[in-house]
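Take a look at the structure below.
The values are calculated or read from the model by the stated rules, or taken from the named source; none is laboratory data. All values reported here derive from a predicted model rather than from experimental measurement. Please note: Cβ atoms are built from the backbone with ideal geometry, for glycine as well, and neighbour counts cover all protein chains shown.
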Amino acid sequence: MNKGLKKKLNHGLGKAIEEWRLISDKDRILVGVSGGKDSLTLLHLLYFLQKRAPVHFTLFPVHIDPGFEGAWADELKSFVDDNYLPMEIISTEDGIKAHAGEGRQNPCFQCSWMRRKRLFELARSLNCKKIALGHNKDDLIETLFINIFYAGKIGTMKPRQSFFDGTLDIIRPLSYVEKDDITRFARSLGFPEFVNPCPSADRTKRGEVRKMLEEMYRHNKHIKGNIFRAMGNVASDYLLETPT
(Lines give C-alpha, C1' and ligand atoms only; values in the text may rest on other atoms or scores of the structure.)
Protein backbone atom coordinates (compact mmCIF):
# COMPACT_ATOMS: atom_id res chain seq x y z
CA MET A 1 0.00 0.00 0.00
CA ASN A 2 1.16 3.56 -0.76
CA LYS A 3 1.83 4.95 2.73
CA GLY A 4 1.73 8.52 1.44
CA LEU A 5 -1.72 7.97 -0.05
CA LYS A 6 -3.00 6.34 3.14
CA LYS A 7 -1.68 9.28 5.15
CA LYS A 8 -3.38 11.73 2.77
CA LEU A 9 -6.75 10.01 3.13
CA ASN A 10 -6.45 9.77 6.89
CA HIS A 11 -5.56 13.47 7.02
CA GLY A 12 -8.68 14.40 5.02
CA LEU A 13 -10.81 12.11 7.16
CA GLY A 14 -9.40 13.52 10.39
CA LYS A 15 -9.79 17.11 9.25
CA ALA A 16 -13.48 16.62 8.42
CA ILE A 17 -14.10 14.80 11.72
CA GLU A 18 -12.42 17.56 13.72
CA GLU A 19 -13.85 20.59 11.91
CA TRP A 20 -17.40 19.27 11.79
CA ARG A 21 -17.34 17.28 15.05
CA LEU A 22 -18.47 14.16 13.25
CA ILE A 23 -17.62 11.56 15.91
CA SER A 24 -17.96 11.77 19.68
CA ASP A 25 -17.35 9.37 22.54
CA LYS A 26 -19.84 6.48 22.77
CA ASP A 27 -21.30 7.18 19.32
CA ARG A 28 -23.17 4.34 17.64
CA ILE A 29 -22.69 4.87 13.90
CA LEU A 30 -24.56 3.11 11.11
CA VAL A 31 -22.27 2.91 8.05
CA GLY A 32 -24.01 2.74 4.68
CA VAL A 33 -22.07 0.29 2.47
CA SER A 34 -23.19 0.46 -1.14
CA GLY A 35 -20.44 -1.83 -2.45
CA GLY A 36 -18.65 0.97 -4.29
CA LYS A 37 -15.08 2.02 -3.60
CA ASP A 38 -16.20 5.13 -1.69
CA SER A 39 -18.23 3.31 0.96
CA LEU A 40 -15.67 0.50 1.27
CA THR A 41 -12.89 3.06 1.75
CA LEU A 42 -14.99 4.83 4.37
CA LEU A 43 -15.60 1.59 6.26
CA HIS A 44 -11.90 0.68 6.08
CA LEU A 45 -10.72 4.05 7.41
CA LEU A 46 -13.32 4.20 10.19
CA TYR A 47 -12.62 0.59 11.20
CA PHE A 48 -8.92 1.29 11.74
CA LEU A 49 -9.57 4.74 13.22
CA GLN A 50 -11.76 3.00 15.80
CA LYS A 51 -8.72 1.05 17.02
CA ARG A 52 -6.55 4.12 17.70
CA ALA A 53 -8.99 6.98 18.35
CA PRO A 54 -9.02 8.59 21.81
CA VAL A 55 -12.82 8.24 21.86
CA HIS A 56 -14.83 5.02 21.77
CA PHE A 57 -17.41 4.52 19.03
CA THR A 58 -19.22 1.53 17.53
CA LEU A 59 -19.78 0.84 13.82
CA PHE A 60 -22.74 -1.00 12.25
CA PRO A 61 -22.19 -1.71 8.51
CA VAL A 62 -25.42 -1.97 6.51
CA HIS A 63 -26.18 -2.64 2.84
CA ILE A 64 -29.55 -1.82 1.26
CA ASP A 65 -30.11 -4.25 -1.61
CA PRO A 66 -32.38 -2.50 -4.18
CA GLY A 67 -33.51 -5.83 -5.63
CA PHE A 68 -32.13 -5.68 -9.18
CA GLU A 69 -31.33 -8.90 -11.02
CA GLY A 70 -27.61 -9.61 -10.88
CA ALA A 71 -27.16 -8.05 -7.42
CA TRP A 72 -24.16 -9.16 -5.37
CA ALA A 73 -25.22 -8.49 -1.78
CA ASP A 74 -24.04 -11.91 -0.56
CA GLU A 75 -20.55 -11.46 -2.06
CA LEU A 76 -20.30 -7.99 -0.52
CA LYS A 77 -21.38 -9.31 2.87
CA SER A 78 -18.73 -12.04 2.75
CA PHE A 79 -16.01 -9.48 2.02
CA VAL A 80 -17.10 -7.09 4.77
CA ASP A 81 -17.67 -9.88 7.32
CA ASP A 82 -14.26 -11.42 6.63
CA ASN A 83 -12.26 -8.18 6.68
CA TYR A 84 -14.11 -5.80 8.99
CA LEU A 85 -17.35 -6.33 10.91
CA PRO A 86 -20.55 -8.34 10.48
CA MET A 87 -22.73 -6.48 7.97
CA GLU A 88 -26.51 -6.49 7.86
CA ILE A 89 -28.26 -6.74 4.50
CA ILE A 90 -31.70 -5.20 4.02
CA SER A 91 -33.33 -6.87 1.00
CA THR A 92 -35.83 -4.67 -0.83
CA GLU A 93 -37.43 -4.10 -4.22
CA ASP A 94 -36.99 -0.34 -3.97
CA GLY A 95 -34.90 -0.05 -7.13
CA ILE A 96 -37.43 -2.03 -9.16
CA LYS A 97 -40.33 0.04 -7.83
CA ALA A 98 -38.49 3.28 -8.58
CA HIS A 99 -38.26 2.28 -12.24
CA ALA A 100 -41.96 1.43 -12.48
CA GLY A 101 -45.10 3.54 -12.64
CA GLU A 102 -44.77 7.25 -11.87
CA GLY A 103 -41.26 6.74 -10.51
CA ARG A 104 -39.92 6.15 -14.02
CA GLN A 105 -39.66 9.90 -14.60
CA ASN A 106 -37.05 10.27 -11.86
CA PRO A 107 -36.02 6.80 -10.65
CA CYS A 108 -32.77 7.96 -9.01
CA PHE A 109 -34.63 10.38 -6.74
CA GLN A 110 -37.25 7.77 -5.84
CA CYS A 111 -34.71 5.05 -5.12
CA SER A 112 -32.49 7.40 -3.09
CA TRP A 113 -35.46 8.61 -1.06
CA MET A 114 -36.59 5.08 -0.22
CA ARG A 115 -33.05 4.00 0.67
CA ARG A 116 -32.60 7.01 2.94
CA LYS A 117 -35.90 6.25 4.66
CA ARG A 118 -34.79 2.66 5.36
CA LEU A 119 -31.46 3.87 6.76
CA PHE A 120 -33.30 6.24 9.10
CA GLU A 121 -35.57 3.45 10.31
CA LEU A 122 -32.69 1.04 10.84
CA ALA A 123 -30.64 3.66 12.67
CA ARG A 124 -33.51 4.14 15.11
CA SER A 125 -33.87 0.40 15.68
CA LEU A 126 -30.12 0.10 16.40
CA ASN A 127 -30.13 3.22 18.58
CA CYS A 128 -27.64 4.88 16.23
CA LYS A 129 -27.62 8.67 16.34
CA LYS A 130 -25.42 8.97 13.27
CA ILE A 131 -25.37 7.54 9.75
CA ALA A 132 -22.02 7.65 7.92
CA LEU A 133 -22.11 7.82 4.12
CA GLY A 134 -19.24 7.66 1.64
CA HIS A 135 -19.78 10.92 -0.25
CA ASN A 136 -16.51 12.61 -1.14
CA LYS A 137 -15.27 16.05 -2.18
CA ASP A 138 -16.21 15.48 -5.83
CA ASP A 139 -19.74 14.39 -4.83
CA LEU A 140 -20.27 17.64 -2.90
CA ILE A 141 -19.17 19.72 -5.89
CA GLU A 142 -21.33 17.72 -8.32
CA THR A 143 -24.36 18.08 -6.06
CA LEU A 144 -23.94 21.86 -6.09
CA PHE A 145 -24.24 21.93 -9.89
CA ILE A 146 -27.04 19.34 -9.98
CA ASN A 147 -29.06 21.61 -7.69
CA ILE A 148 -28.29 24.69 -9.80
CA PHE A 149 -29.03 23.04 -13.16
CA TYR A 150 -32.00 20.82 -12.27
CA ALA A 151 -33.54 22.20 -9.06
CA GLY A 152 -33.01 25.95 -9.48
CA LYS A 153 -31.32 26.37 -6.11
CA ILE A 154 -27.83 26.82 -4.68
CA GLY A 155 -26.96 24.12 -2.18
CA THR A 156 -25.04 20.91 -1.65
CA MET A 157 -24.50 18.12 0.84
CA LYS A 158 -22.66 19.03 4.05
CA PRO A 159 -20.16 16.95 6.04
CA ARG A 160 -22.74 16.91 8.82
CA GLN A 161 -26.49 17.41 8.48
CA SER A 162 -29.04 17.04 11.26
CA PHE A 163 -32.54 15.63 10.92
CA PHE A 164 -35.58 15.22 13.18
CA ASP A 165 -34.76 18.16 15.47
CA GLY A 166 -31.16 17.09 15.84
CA THR A 167 -31.88 13.53 17.01
CA LEU A 168 -30.15 11.99 13.97
CA ASP A 169 -27.15 13.17 11.96
CA ILE A 170 -25.87 12.14 8.55
CA ILE A 171 -22.10 12.44 8.53
CA ARG A 172 -19.76 12.37 5.52
CA PRO A 173 -16.21 11.82 6.81
CA LEU A 174 -14.77 11.70 3.25
CA SER A 175 -15.99 15.21 2.38
CA TYR A 176 -12.42 16.51 2.09
CA VAL A 177 -11.11 13.50 0.14
CA GLU A 178 -10.95 13.48 -3.67
CA LYS A 179 -12.47 10.66 -5.72
CA ASP A 180 -9.22 9.98 -7.61
CA ASP A 181 -7.39 9.34 -4.33
CA ILE A 182 -10.15 6.98 -3.19
CA THR A 183 -9.90 5.09 -6.50
CA ARG A 184 -6.14 4.68 -6.11
CA PHE A 185 -6.53 3.64 -2.47
CA ALA A 186 -9.21 1.04 -3.26
CA ARG A 187 -7.05 -0.37 -6.05
CA SER A 188 -4.01 -0.60 -3.77
CA LEU A 189 -6.01 -2.62 -1.23
CA GLY A 190 -7.53 -4.88 -3.87
CA PHE A 191 -11.12 -4.09 -3.02
CA PRO A 192 -13.60 -6.20 -5.02
CA GLU A 193 -15.29 -4.37 -7.89
CA PHE A 194 -19.03 -4.82 -8.17
CA VAL A 195 -20.86 -3.77 -11.34
CA ASN A 196 -23.88 -1.61 -10.54
CA PRO A 197 -26.95 -3.58 -11.76
CA CYS A 198 -29.18 -0.48 -11.84
CA PRO A 199 -30.56 0.11 -15.39
CA SER A 200 -30.08 3.87 -14.92
CA ALA A 201 -26.47 3.64 -13.75
CA ASP A 202 -24.98 4.98 -17.01
CA ARG A 203 -27.47 7.76 -17.69
CA THR A 204 -27.79 9.95 -14.61
CA LYS A 205 -27.75 13.71 -14.15
CA ARG A 206 -24.75 13.26 -11.87
CA GLY A 207 -22.87 11.54 -14.66
CA GLU A 208 -23.59 14.42 -17.03
CA VAL A 209 -22.40 16.98 -14.50
CA ARG A 210 -19.30 14.91 -13.72
CA LYS A 211 -18.26 14.86 -17.38
CA MET A 212 -18.67 18.64 -17.62
CA LEU A 213 -16.57 19.24 -14.53
CA GLU A 214 -13.85 16.80 -15.55
CA GLU A 215 -13.45 18.68 -18.83
CA MET A 216 -13.06 21.95 -16.90
CA TYR A 217 -10.54 20.40 -14.50
CA ARG A 218 -8.39 19.28 -17.43
CA HIS A 219 -8.02 22.88 -18.58
CA ASN A 220 -7.34 24.41 -15.16
CA LYS A 221 -6.11 22.42 -12.15
CA HIS A 222 -7.25 25.13 -9.71
CA ILE A 223 -10.95 24.99 -10.62
CA LYS A 224 -11.93 22.10 -8.33
CA GLY A 225 -10.34 23.69 -5.28
CA ASN A 226 -11.85 27.07 -6.09
CA ILE A 227 -15.36 25.62 -6.40
CA PHE A 228 -14.98 23.73 -3.13
CA ARG A 229 -13.79 26.85 -1.28
CA ALA A 230 -16.56 28.92 -2.85
CA MET A 231 -19.21 26.73 -1.21
CA GLY A 232 -18.00 28.03 2.16
CA ASN A 233 -17.37 31.57 0.96
CA VAL A 234 -20.78 32.78 -0.15
CA ALA A 235 -21.16 36.49 -0.90
CA SER A 236 -24.85 36.61 0.01
CA ASP A 237 -25.08 40.35 -0.69
CA TYR A 238 -24.41 39.59 -4.36
CA LEU A 239 -27.11 36.95 -4.80
CA LEU A 240 -30.58 37.70 -6.13
CA GLU A 241 -33.25 38.05 -3.48
CA THR A 242 -36.79 36.79 -3.86
CA PRO A 243 -38.99 39.77 -4.80
CA THR A 244 -41.50 40.70 -2.12
Region 143-176: number of residues that are among the hydroxyl-bearing types (Ser, Thr, Tyr) and crowded, with 21+ Cβ neighbours inside 10 Å: 2
So Leu140, is it surrounded by 16 or more Cβ atoms within 10 Å (Cβ to Cβ), within 20 Å of the chain's Cα centre (by Cα) and farther than 25 Å from Gly12 by Cα: no
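In this structure, is Arg172 at pLDDT 95 or above, out of contact with any Pro (no Cβ under 8 Å at 6 or more places or on another chain) and not hydroxyl-bearing (Ser, Thr, Tyr)? I'd like the intermediate steps shown before the answer.
Numbers: at pLDDT 95 or above: yes; out of contact with any Pro (no Cβ under 8 Å at 6 or more places or on another chain): no; not hydroxyl-bearing (Ser, Thr, Tyr): yes.
Taking the combined requirement at face value, the residue does not satisfy it.
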Inter-residue pairs, beta-carbon under 6 Å, first under 17 Å from Tyr47 (Cβ atoms) and in contact (Cβ under 8 Å) with a residue 12 or more places away in the chain and in region 1-30, second surrounded by fewer than 18 Cβ atoms within 10 Å (Cβ to Cβ) and of a type in the set (Val, Ile, Thr), 6+ apart: Arg28/Thr58
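What's the total number of residues in region 178-233 that are in a loop (DSSP other than H, G, I, E, B), among the small types (Gly, Ala, Ser) and surrounded by 12 or more Cβ atoms within 10 Å (Cβ to Cβ)?
Counting residues in region 178-233 that are in a loop (DSSP other than H, G, I, E, B), among the small types (Gly, Ala, Ser) and surrounded by 12 or more Cβ atoms within 10 Å (Cβ to Cβ) gives 2.
Matching residues to (1) in contact with a helix residue (DSSP H, G or I) (Cβ under 9 Å, 6 or more places away or on another chain); (2) surrounded by fewer than 17 Cβ atoms within 10 Å (Cβ to Cβ); (3) among the β-branched types (Val, Ile, Thr); (4) under 15 Å from Arg160 (Cβ atoms):
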{"position": "Gly35", "(1), (2), (3), (4)": "yes, no, no, no"}
{"position": "Val62", "(1), (2), (3), (4)": "yes, no, yes, no"}
{"position": "Asp65", "(1), (2), (3), (4)": "yes, no, no, no"}
{"position": "Lys77", "(1), (2), (3), (4)": "no, no, no, no"}
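Identify, from the list Ile90, Ile148, the residue that is free of Cβ contacts under 8 Å to residues at least 24 places away in the same chain and more than 16 Å from the chain's Cα centre (by Cα). Can you show your working first?
On the way: Ile90 fails: free of Cβ contacts under 8 Å to residues at least 24 places away in the same chain.
From the options Ile90, Ile148, the qualifying one is Ile148.
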Single match in Lys37, Lys117 (criterion: without any contact (Cβ under 8 Å) to a residue 24 or more places away in the chain and within 16 Å of the chain's Cα centre (by Cα)): Lys117
Those residues of region 40-76 which are of a type in the set (Phe, Trp, Tyr) and touching a residue at least 12 places away in the same chain (Cβ under 8 Å), in sequence order: Tyr47, Phe57, Phe60, Phe68, Trp72
Check on Asn127, on the phi > 0 side of the Ramachandran plot and out of contact with any His (no Cβ under 9 Å at 6 or more places or on another chain): yes
